[in-house]
Amino acid sequence: MAYLKMAVFASHGGSNLQAILDACKTGKIRGKVALVISNNSKSYALERAKKEGIPHYHISHLKYPSQAQLDEAILEILAKYFIDLIVLAGYMKKLGADLLASYKGKILNIHPALLPKYGGQGMYGQAIHKAVLEAGDEKTGVTIHLVDADYDTGPIVRQEELAVLPGDTLEGLTARVLLLEHQLYVETLRLISIGEIDLEEISK
Ligand code: GRF
């Protein structure tokens with residue numbers, strides 16, 4: 001597997017981005033975050049990229065009114081940095097058809113639940129953990145999947161369970177799941193970077 005050149009797309013805090021960055025620095029992931037894209041000019045993810053000297057772009061619908069124009073702008077930037085793999089980490093925007101087609105089988109997303117449970121439009125962040133607690137589920141978890149045209153429906157690449165503890169608060173469960181996200185994303189990208197996970201195979 002060639003040295004992985006990743007583009008991370010993030011809309012918010014970027015803690016998954018940071019975990020991936022750190023794992024590239026230690027060599028755990030044989031690759032680098034070559035590019036960070038956010039739709040949110042105030043996202044801390046862009047700050048993290050700036051601190052690490054990583055090329056970063058704010059790409060928003062304000063500047064590119066149509067999905068096609070937005071995709072075209074993103075595709076141009078991805079080509080400029082020879083990106084092999086797009087890593088969505090808390091990216092709240094849907095990807096357009098052109099981008100999905102150009103990077104078919106090369107776009108990952110992380111979802112803080114055991115898909116297909118708690119997936120789909122509007123199911124992100126704490127809304128998920130709230131639903132898990134209200135349902136009284138004994139377990140939750142994290143899913144990493146390939147991205148297709150719908151929310152959270154692509155082939156699953158890795159999934160890991162996490163027990164819901166008695167007395168778990170929304171904040172407590174959110175924090176524990178986020179920690180597992182960091183661990184699972186890093187491990188999954190490590191395995192991809194050494195050829196142990198073949199995304200082509202999974203995306204067939
Ligand atoms: C995480 O909860 C992730 O599962 C979801 O968005 C959040 C991203 O957090 N997709 P961060 O921006 O990586 O800290």
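The values are calculated or read from the model by the stated rules, or taken from the named source; none is laboratory data. Here the structure is a predicted model, which means the values were calculated and not measured. Note: ideal-geometry Cβ built from the backbone for every residue, glycine included; neighbour counts use all protein chains shown.
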- Query: Does at least one position in region 60-80 carry a residue that is more than 16 Å from the ligand (Cβ to nearest atom), more than 16 Å from N39 (Cα to Cα) and among the aromatic types (F, W, Y)?
  - Reply: no
- Sort out for me the helices (runs of 4 or more DSSP H) sitting completely within region 96-204 that have 3 or more residues that are over 15 Å from the mean Cα position of the chain (by Cα) and within 24 Å of L85 (Cβ to Cβ). 97-102, 199-203
- Task: Filter region 82-114 for residues that are within 14 Å of the ligand (Cβ to nearest atom), modelled with pLDDT of 95 or more and small (G, A, S) and give the result.
- Result: A89, A113
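Table: residues versus (1) touching a strand residue (DSSP E or B) at 6+ places or on another chain (Cβ under 6 Å); (2) of a type outside the set (S, T, N, Q).
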site: T140; (1), (2): yes, no
site: A149; (1), (2): no, yes
site: I156; (1), (2): yes, yes
site: E171; (1), (2): no, yes
site: H182; (1), (2): no, yes
site: I194; (1), (2): no, yes
- Message: Within region 67-85, take every residue that is acidic (D, E) and assigned to a helix (DSSP H, G or I) and give me the one that is surrounded by the most Cβ atoms within 10 Å (Cβ to Cβ).
- Response: D71
- Filter region 150-177 down to residues that are within 14 Å of the ligand (Cβ to nearest atom) and either in contact with a Pro (Cβ under 7 Å, 6 or more places away or on another chain) or hydroxyl-bearing (S, T, Y) (or both) and give me whichever is farthest from H129 (Cα to Cα). Y151
- If you go through region 1-34 one residue at a time, how many are within 24 Å of T143 (Cβ to Cβ), among the hydrophobic types (A, V, I, L, M, F, W, C) and more than 13 Å from the ligand (Cβ to nearest atom)? 7
- Among the residues of region 37-50, is any among the hydrophobic types (A, V, I, L, M, F, W, C), surrounded by 21 or more Cβ atoms within 10 Å (Cβ to Cβ), more than 16 Å from the ligand (Cβ to nearest atom) and more than 15 Å from the chain's Cα centre (by Cα)? no
- In region 126-152, what count of residues is obtained for those that are surrounded by 15 or more Cβ atoms within 10 Å (Cβ to Cβ) and modelled with pLDDT under 95? 3
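From the list S11, S66, exactly one residue is touching a residue at least 24 places away in the same chain (Cβ under 8 Å) and of a type in the set (S, T, Y). Which is it?
From the options S11, S66, the qualifying one is S11.
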- Item | region 51-66, residues that are closer than 19 Å to K5 by Cβ and of a type outside the set (G, A, S) | E52, I54, P55, H56, Y57, I59
